[in-house]
Amino acid sequence: DNRMTSQLNVDTIVDKAGSGGATLTTPTLTGISNTSTAKSEGGAVSMNIAQGLVKAFGKHSSAAFVESFNYASFTDHGAGDHTGNFTSNMSNTTYVFGTAGEGGTDVVRYVYLYSPATSSVRFRTAYVTHAVAPTLADLGGNGNQITGDLA
């Protein structure tokens, strides 16, 4: 085997024109475009990096975000009924809204309903006991994340 391994140590990668690039000495990495790809773990396929990122997330109490990314504000419409307004809009309403929150027992199950818009998402938290219709309620430990395309 004639292959050699090497190590490259750099502080900055700049483009051909020398106008700037990705700085590797800070936690911020710039210069990755929406067409950038990465190889799969097995190396068989490539995947678009931008499409695979979470575009927004929020951990909220009954009245506000406790921690969030790409949410500009939180609107409380009443018990279990909230809207998160995006800082950067989504390109369409076909994004995926994933949730997490309090668990459930064999008696109580928690449900999350959402209404997507490009500039916001309205989400409702409710509980269900046996065959009873869902009851909107402020539940503890709520969180959500959104994947899809930004505008």
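The values are calculated or read from the model by the stated rules, or taken from the named source; none is laboratory data. What you see is a predicted model, and the numbers here were worked out from it, not measured in a lab. Using ideal geometry, Cβ is built from the backbone for each residue, glycine included, and neighbour counts are taken over all protein chains shown. Protein only, heavy atoms only, side chains kept; ligands, DNA and RNA dropped before computing areas. Shrake-Rupley method; radii C 1.70, N 1.55, O 1.52, S 1.80 Å.
Expressed as a rounded percentage, what relative contact order does region 49-151 have, with Cα pairs under 8 Å and six or more residues apart? Provide the component values of the computation, followed by the final result.
On the way: 252 pairs, mean separation 36.2, N = 103.
For region 49-151, the relative contact order is 35 percent.
When THR83, THR135 are compared by accessible area of protein heavy atoms, the largest-first order is THR135, THR83, using a 1.4 Å probe.
Return the FRET efficiency for the residue pair ASN92, ILE32: r is the Cβ-Cβ distance, R0 is 25 Å, and the value is rounded to the nearest 0.05. For R0 = 25 Å, the calculated efficiency reads 0.65. Take the Cα of VAL132, step 7 Å toward its Cβ, do the same at VAL45, and the gap between the two points is 4.5 nm. Scanning residues 5 or more positions from SER73 or on other chains, those with amide H under 5 Å from its amide H are ASN85, with H placed 1.01 Å from N in the peptide plane. Solvent-accessible surface (1.4 Å probe) assigned to PHE65 amounts to roughly 40 Å². Ligands, DNA and RNA excluded, the heavy atoms of HIS77 present near 80 Å² of accessible surface to a 1.4 Å solvent probe.
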